[in-house]
Amino acid sequence: MKAFTSQRPFTIAFPQRCFIVLINRPIHHSLLVFRSLQTPATLLQESKMENGEQFQEISKAKYDCLLFDLDDTLYPLSSGLAEHVKKNIQEYMAQKLGIEGAKVPELCFSLYKTYGTTMAGLKAVGYDFDYDDFHGFVHGRLPYNILKPDPVLRGILLSLPIRRVVFTNSDEAHARRVLHRLGLEDCFERVISFETLNSSNNKDGNEHKPSSTGIFDFYEYTHRPNPDIVLPRTPVVCKPFEDAFEKVFNMADIDPQRTLFFDDSVRNLQTGKSLGLHTVLVGTSIRATGVDHALESIHNMKEAFPELWEADEKRESVECSRKISMETSVIA
């Protein structure tokens, strides 16, 4: 192709488009990129039409929220913190509630299995105590120093282009301390804790003195079950009960059908799944009944769910395509 030189502007016309070009030097097989003189609105409409399928694919991303349990999920059970929690709960039951020491370990476990937390069980069977006093005794004495910063998990969480929410049965102060120790306090949009779902119940000074006639003998019941007896309900709102999940969905604007739920409790996950959540058991690679996925560690997220990051990559690709499509190239 021969070179040509022009000192005057000339016009290249295309259907519905017009370009003004000023050339004052020789051009050899040059690629001239011209900015269209069309209105931005017209260009944007064309871009959307050209990339319509890509936009549609992004809009159909499977997940738009990740819901995480806290304890034994964001850090491993092997940390040993759970053992300290159990020890403190049992001491509270014996020292503060006056429960016979020999019965405490079994009763503690039975109430936990039935009501989701031992605290919820104690409230259900009739013990009257202050929530803050319980949490202060159980969590206020924990050796949080055994939890170490987790920069790997922090990097994983912050790289996710999806909103992240913590849902824990623990109190707010405990959740805050744990996240701080792990270096994850700024990795979540919101932390939903015990106080979020339950109102305060500060009592007078007699909250640790249960009436001898007002306590349901759960220990006796576990040894001699009676099908005619209806177990008392707990006033505590917590996992694994449906009302706790429903409250969280409403408060945090969560669509369970588009949410991935991580927890170390099979019961919690089964309830979540029944309500539409996609579920992930953390702490084992063996998938339990009623659970969608299983991870040995929360660190395995990226290998197990690469699609969580792919949505962001596709979005960037489409944005780039839109920018390029607003320029027209002409070969001279």
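Key figures
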item: Qualifying residue in region 117-135 (condition: basic (Lys, Arg) and surrounded by fewer than 17 Cβ atoms within 10 Å (Cβ to Cβ)); result: no
item: Subset of region 295-307 [surrounded by 19 or more Cβ atoms within 10 Å (Cβ to Cβ) and either touching a Lys or Arg at 6+ places or on another chain (Cβ under 8 Å) or part of a strand (DSSP E or B) (or both)]; result: 295
item: Residue 129 vs. criteria part of a loop (DSSP other than H, G, I, E, B), under 15 Å from residue 194 (Cβ atoms) and outside the structural domain of residue 177 (by TED's automatic domain parsing); result: yes
item: Residues satisfying the stated conditions in region 175-190, i.e. surrounded by fewer than 19 Cβ atoms within 10 Å (Cβ to Cβ), within 18 Å of residue 139 (Cβ to Cβ) and under 16 Å from the mean Cα position of the chain (by Cα); result: 176, 185
item: Helices (runs of 4 or more DSSP H) contained in region 207-289 and holding at least 2 residues farther than 19 Å from residue 165 by Cα and touching a residue at least 24 places away in the same chain (Cβ under 8 Å); result: 218-223, 266-274
item: Breaking point among (1) surrounded by 20 or more Cβ atoms within 10 Å (Cβ to Cβ); (2) out of contact with any strand residue (DSSP E or B) (no Cβ under 6 Å at 6 or more places or on another chain), for residue 172; result: (1)
item: Condition met for residue 105 (closer than 22 Å to residue 178 by Cα and surrounded by fewer than 19 Cβ atoms within 10 Å (Cβ to Cβ)); result: no
item: Odd one out for residue 290 among (1) under 30 Å from residue 233 (Cβ atoms); (2) modelled with pLDDT of 95 or more; result: (2)
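The values are calculated or read from the model by the stated rules, or taken from the named source; none is laboratory data. In this text the structure is predicted, and so the values were computed from the model without any measurement. In this analysis, Cβ positions are derived from the backbone assuming ideal geometry, glycine residues included, and neighbour counts consider all displayed protein chains.
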